[in-house]
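**Student:** I'd like to ask you about the structure that follows.
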Amino acid sequence: MTETTRASWGSKLGVMLAAAGSAVGLGNLWRFPFCTAQNGGGSFLVIYLLCSFTIGLTLVFAEAALGMKVKSDPTDAFGWIHPKLKFIGGLCVFTSMIILPYYSLVGGWILAYVVKIFSMSSATDFGTAFSDFAASPVEPLIFFYVYLVGSAVVVYFGIQNGIEKFSKIMMPILFILLLVLTGRVLMLDRAWEGVKFFFRPDFSKLTGETLMNAMGQVFFSVSVGMGIYITYGSYVKDDTVTVSQLMRPVIVLDVLVSLLAGLMIFPAVFSFNVPVNAGPSLIFITLPQIFVSIPFGRFFGFLFFVILLGAAATSSISLFEVAVTFMCDQMKMTRQKAVVGFSAVCLFVGTFVSLSFGKLSGFKIGGKILFDQFDFLASNILLPLGGLLTCIAVGWILKSGRLIVFKNGIMQKGFEICIKWIAPVFIVLILLKGLELI
Ligand code: PHE
């Protein structure tokens, strides 16, 4: 697509909020708490923070800079570095095809709980209610379809009228609601126990697997390693703005929301003495249990699931946009056709992922049901691989100085050291350790 006809963002704030909207999502509010709980609390948090500000930050800047420079989809962006690298763009689209179906399935569960929370009472067996719901062959699928089609509609309306408008409305509401809810939870009895669990590191719990999970969490939560910021950066028209100005808030907000999520969920869980390591079902079992037993709890529960829904939606649309931009730029499809086509693929794949909790629960790959396998493959393998290839392409194959991230020379040098050495070395070491190869 030529630059004159290419769509663009309406304002700087719009790009920032859309990019932050991609980062902030279920990764922070759903995945981060249960991963932290399963991986030893505070020590996981330390590794997560370390990886966020090294690997995460570097990759957000590198991707956005590439997109803003080349103004096309990830295939062209990597092709600009070297024609043989175009395949990395294909990997990005493949990764979005793996993440979007299961991400939207969780989005559908959340949509269901926005409604369900009102019909729950303290007599409900929350664990059974959730597993029966997730395993049912029809109900979760309906919510999944509605959620996915809803996200598709936003993308259908395009960059300025769809994604930018939606992010500008959703993101501020999200932060306000999150602050209100965290404040409420911190007032519960014994909330302090949860805060201690969240912040106290226990390094004896750190294994290769924990390290890999922490890095995977960063890739997933920051949305790096699959060309999202290349894609969003490609729609930035204003060439006077620097990458660091636009993208700095992304990582800061992402880490902040994860911290707020921890400060909301762990105090609640400890205060009510419910099991902290319930895995992906943590927020669907433990939290409703708490919400039905505090004054105005159902209202707060409703708020909580609405926050999740908003956060999830701004991330899903970014997953969509990678594939849609690819289909428009490389396959010369119209945006509308691309949205319909990609939705159909994800609805199909997601149906099997949903059934992996019920009818297909016996079908396992490497001991994991389809849902867990998709999540593992995406976060721990595909995204780090995409990130590593980005580091190699930008840090080693591209001539230094061709991608300007900072106006300040020292900061720019720092970025070049990070993309060439720090980020790739961390990724390789953690991958090798996690896969028990070292
Ligand atoms: N970062 C999003 C979240 O935290 C999830 C996501 C992952 C979105 C990868 C896009 C790409 O929920």
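**Student:** State the extension gain, in nm to one decimal, for the chain segment bounded by residue 365 and residue 340, taking 0.36 nm per residue of separation less the distance between their alpha-carbons. Walk me through the intermediate numbers first.
**Tutor:** Values: separation 25, 0.36 × 25 = 9.00 nm, distance 2.98 nm.
So the chain would gain 6.0 nm between residue 365 and residue 340.
**Student:** For segment 322-386, what is the relative contact order in percent, using Cα pairs closer than 8 Å and at least 6 residues apart in sequence? If you can, show how the numbers build up before the last one.
**Tutor:** Values: 32 pairs, mean separation 10.9, N = 65.
Reported as a whole number, the value is 17 percent.
**Student:** Can you tell me the FRET efficiency between residue 187 and residue 399 if r is taken as the Cβ-Cβ distance and R0 is 60 Å, rounded to the nearest 0.05?
**Tutor:** Numbers: r = 56 Å, r/R0 = 0.93.
Plugging the Cβ-Cβ distance into 1/(1 + (r/R0)^6) gives 0.60.
**Student:** Can you give the net charge of the other residues whose Cβ lies under 12 Å from the Cβ of residue 361, counting K and R as +1 and D and E as -1? Provide the component values of the computation, followed by the final result.
**Tutor:** Values: positive: 359, 364, 368; negative: 372.
Result for the neighbourhood of residue 361: +2.
**Student:** Helix by helix through the chain, keep the DSSP H runs that span 27 Å or more along the axis on Cα and average at least 1.0 on Kyte-Doolittle, and give those back in order.
**Tutor:** Working: long enough: 87-116 (44 Å, 1.59); 165-186 (33 Å, 1.74); 243-271 (43 Å, 1.81); 297-331 (50 Å, 1.43); 335-355 (30 Å, 1.34).
Going by DSSP H runs, the hits are 87-116, 165-186, 243-271, 297-331, 335-355.
**Student:** Still on this structure, I have one more. Within straight cross-link reach of residue 84, meaning Cα distance under 28 Å, which lysines are found once same-chain residues fewer than 8 apart are removed?
**Tutor:** Excluding near neighbours in sequence, the set is 69, 71, 237, 332, 399, 413, 420.
**Student:** As I understand it, the dipole of the chain uses +1 on the Cβ of Lys and Arg and -1 on the Cβ of Asp and Glu, about the Cα centre. Which of 39, 66, 380 lies farthest toward its positive end?
**Tutor:** Positive-most Cα among the choices belongs to 66.
**Student:** Highest first, please rank the peptides 188-194, 346-352, 75-81, 229-235 by the mean number of other Cβ atoms sitting within 10 Å of their residues. Each step should come with its number before you reach the end.
**Tutor:** Working: 188-194: 15.4, 346-352: 18.9, 75-81: 23.4, 229-235: 28.3.
Put in order of decreasing packing, that is 229-235, 75-81, 346-352, 188-194.
**Student:** If you don't mind, there's one more thing I want to ask. Starting from the Cα-Cα distance between residue 436 and residue 205, subtract it from 0.36 nm times their residue separation and give me the gain in nm to one decimal.
**Tutor:** On the way: separation 231, 0.36 × 231 = 83.16 nm, distance 1.63 nm.
Value of the extension gain: 81.5 nm.
**Student:** Using only helices, what value at 222 nm comes out for the chain when you add -39,500 (n - 2.57) per DSSP H run of length 4 or more and divide by the total residues, to the nearest 500 deg cm²/dmol?
**Tutor:** It comes out at -22000 deg cm²/dmol, rounded to the nearest 500.
**Student:** Under a point-charge model restricted to the Cβ atoms of Lys and Arg (+1) and Asp and Glu (-1), what is the dipole moment magnitude of segment 182-228 relative to its Cα centre, in debye to the nearest 20?
**Tutor:** Numbers: 5 positive and 4 negative charges, 27 e Å.
Value, rounded to 20: 140 debye.
**Student:** Can you tell me the relative contact order of segment 7-112? Whole percent, Cα pairs under 8 Å, sequence separation 6 or more.
**Tutor:** Details: 33 pairs, mean separation 10.2, N = 106.
Answer for segment 7-112 is 10 percent.
**Student:** Moving on to the next point. Rank by packing, highest mean first: peptides 293-302, 217-226, 36-45, with packing defined as the count of other Cβ atoms within 10 Å averaged across residues. The partial results should precede the final answer.
**Tutor:** Details: 293-302: 15.7, 217-226: 29.2, 36-45: 21.6.
So the peptides 293-302, 217-226, 36-45, ranked by packing, come out 217-226, 36-45, 293-302.
**Student:** Taking 0.36 nm per residue of separation and subtracting the Cα-Cα distance, what length does fully extending residue 50 through residue 351 add? Provide the component values of the computation, followed by the final result.
**Tutor:** Values: separation 301, 0.36 × 301 = 108.36 nm, distance 3.64 nm.
Net length gain for the segment: 104.7 nm.
**Student:** For the peptides 95-107, 375-387, what is the packing order when you average, over each peptide's residues, the other Cβ atoms within 10 Å and list the highest mean first?
**Tutor:** Working: 95-107: 25.8, 375-387: 22.1.
The packing order, highest mean first, is 95-107, 375-387.
Every number in this text was worked out from the coordinates using simple rules, so none of it is lab data. All of these numbers come straight from a predicted model, not from anything done at the bench. Note that each Cβ is placed from the backbone with ideal geometry, even for glycine, and that neighbours are counted across all protein chains shown.
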